[in-house]
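Report on the structure given below.
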Amino acid sequence: MFFSRFIAGFKGGIHPPENKFYSEGKKFSYLPIPHVCYVPLQQHIGKPARPIVEVGQAVEEGQLIGEADGFISANVHSPVPGKVIDIVHHPTVFSPKSLCIVIETEGAFTSSQQSRVPSSWESFSRDELIASIKEAGIVGLGGAAFPTHVKLSPPATKPIDTLIVNGAECEPYLTVDDMLMQTFPHEIIEGIRIAMKTLGVERAIIGVEDNKPDAIRALRKVLLETNAPTITLVSLKTKYPQGAEKQLIKALLRREVPSGGLPMDVGVVVQNVGTIYAIREAVLYKKPLYERFITISGPIVKNPGNYKVRFGTKISDIIDEIGGLLDEPVKVIMGGPMCGIALDTLEIPVVKGTSGVLFFGKNKIESENFLTCIRCGRCVAACPAGLLPCDISILVEKNLTDALAMYHLFDCIMCGSCSFVCPSKRPISHFIKLGQQRLKSASTRMT
Ligand code: SF4
Ligand code: SF4
């Protein structure tokens, strides 16, 4: 095992207030099982799963209820035992109307096909490992929710030499990955070894920001005990967005993912620590992904902390279970405050990609009004993707779509650093998203 402290990082980036103190060091608690779950068939990037249950049907905890539909898709399993009471369109973080299987909890927790005896995964072939991960419906738990079995099966034309394990957790407020590394270091190291075998690589690097000393200590202890010379632990300088894939690769390997490219173009696959934990559960215990740990935090949360939550649990149900809020919520964000999505209803359920839910009252909300660009250049200096956020925002504002083509909008990682530093409070990343949509529509019209 090699441990190093890495000081250099990547170009750009910012240092927003971390605000992790609300939930930092809080051990995992388990939220009660919800009475009714709204389980979306779209919880991942790609095509939604196809429902394979009917209204009135009884289901077990962990039973397959939605089958992956196509190459980039993922299985969906029941988070609770009970009865399917409806299959309806319901608001989710992906869409205001997304097909959900509604399950009323009842009956015993006899988990479908799961095993309490761990499998000896060392004897599994790579194909068998991929099949276990696919069957369990594992997707990236860092927020991207890309199907993991696809990511771990790169084409033969893209040889991979390194697995990077993302323990950066650079988003303010979120502490779930930190607590996962502190609580389950053995499990994470074993999960990394499983992922290495699945990918067929000899090298893994775990990147953890240096604001998580307890997690670093826990992982280092396990690495020393288990004598794992092919796994390196690196303490990264704390800087946002250190956890973005391209920035992590740059910081750890000095490799530059090309414009429009993917990590596999430079021989790398990146997996979040939460995903690694879920991979191990799937391979050793055949456990489908139907629950996860999340951070629930923010200035108006009475009991901020790190909680295990079943998918399909509505945000409104969570509020009651954690003891309520101190004030009326004015803004609720799923994910971190920089990259997360502001919710317009508390009926939205927790899904596989939910790393946290943050609640803010009126004191923390800034004015929606923004001013004209004063050409200060702060957004350009902050942009880790090397873009010109100020110019892009002006072009989108003025509806000059044709001129956008040369600005590499699709290299934007939506980190929000530009908006954060802008003294004119311009919602630059929203402008960029809008610009991307307009460019896509323009290219569709031309074809
Ligand atoms: S332009 Fe995109 S990548 Fe650059 S700082 Fe803004 S949101 Fe981040
Ligand atoms: S930070 Fe804001 S005001 Fe400054 S150049 Fe960028 S968009 Fe303009």
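Just a few scattered comments:
- Restricted to helices (runs of 4 or more DSSP H) entirely inside the range 122-206, those with at least 2 residues that are assigned by TED's automatic domain parsing to the domain that holds Ile279 and within 25 Å of Ile72 (Cβ to Cβ) are 126-135, 148-151, 185-199.
- Per-region count, the range 399-420, residues touching a residue at least 60 places away in the same chain (Cβ under 8 Å), aromatic (Phe, Trp, Tyr) and closer than 20 Å to Gly260 by Cβ: 1
- Residues that are among the charged types (D, E, K, R) and either in the same structural domain as Pro258 (by TED's automatic domain parsing) or within 8 Å of ligand 1 (Cβ to nearest atom) (or both) within the range 379-424 comprise just one, Asp411.
- Count of the range 398-420 residues which are of a type in the set (D, E, K, R) and surrounded by fewer than 16 Cβ atoms within 10 Å (Cβ to Cβ): 2
- Every residue from the range 421-430 that is touching a residue at least 12 places away in the same chain (Cβ under 8 Å), surrounded by fewer than 22 Cβ atoms within 10 Å (Cβ to Cβ) and either in contact with a Ser or Thr (Cβ under 9 Å, 6 or more places away or on another chain) or within 13 Å of Leu387 (Cβ to Cβ) (or both): Ser424, Lys425, Pro427
- Taking the listed residues Thr175, Thr162, Thr157, Thr148, the one that is within 20 Å of Arg203 (Cα to Cα) and buried (at least 24 other Cβ atoms within 10 Å of the Cβ) is Thr148, with no other qualifying.
- Under the condition of being within 17 Å of the chain's Cα centre (by Cα) and at pLDDT below 95, the residues counted in the range 266-324 number 0.
- Close Cβ contacts (under 8 Å, 6 or more residues apart or on different chains) running from residues in the range 260-279 that are assigned to a helix (DSSP H, G or I) to residues that are among the aromatic types (Phe, Trp, Tyr) comprise Gly274/Phe293; Tyr277/Phe184.
- Selection of the range 428-447 for residues being β-branched (Val, Ile, Thr) and within 14 Å of Phe410 (Cβ to Cβ) yields only Ile432.
- Meets criteria (among the basic types (Lys, Arg) and in contact with a helix residue (DSSP H, G or I) (Cβ under 8 Å, 6 or more places away or on another chain)) for Lys352: no
- Spans of strands (runs of 3 or more DSSP E) in the range 1-84 with at least 2 residues surrounded by fewer than 17 Cβ atoms within 10 Å (Cβ to Cβ): 2-6, 28-30
- Qualifying residue in the range 294-301 (condition: of a type outside the set (Lys, Arg) and on the phi > 0 side of the Ramachandran plot): yes
- Looking at the range 329-409, the helices (runs of 4 or more DSSP H) lying wholly inside it that each contain 2 or more residues that are within 14 Å of ligand 2 (Cβ to nearest atom) sit at 378-382, 389-397.
- For the range 410-420, a residue qualifies if it is away from ligand 2 (no atom under 14 Å from the Cβ) and in a helix (DSSP H, G or I), and the qualifying residues are Phe410, Asp411.
The values are calculated or read from the model by the stated rules, or taken from the named source; none is laboratory data. Remember, it's a predicted structure, so these values are computed and weren't measured experimentally. Positions of Cβ are backbone-derived with ideal geometry, glycine not excepted, and every protein chain shown enters the neighbour counts.
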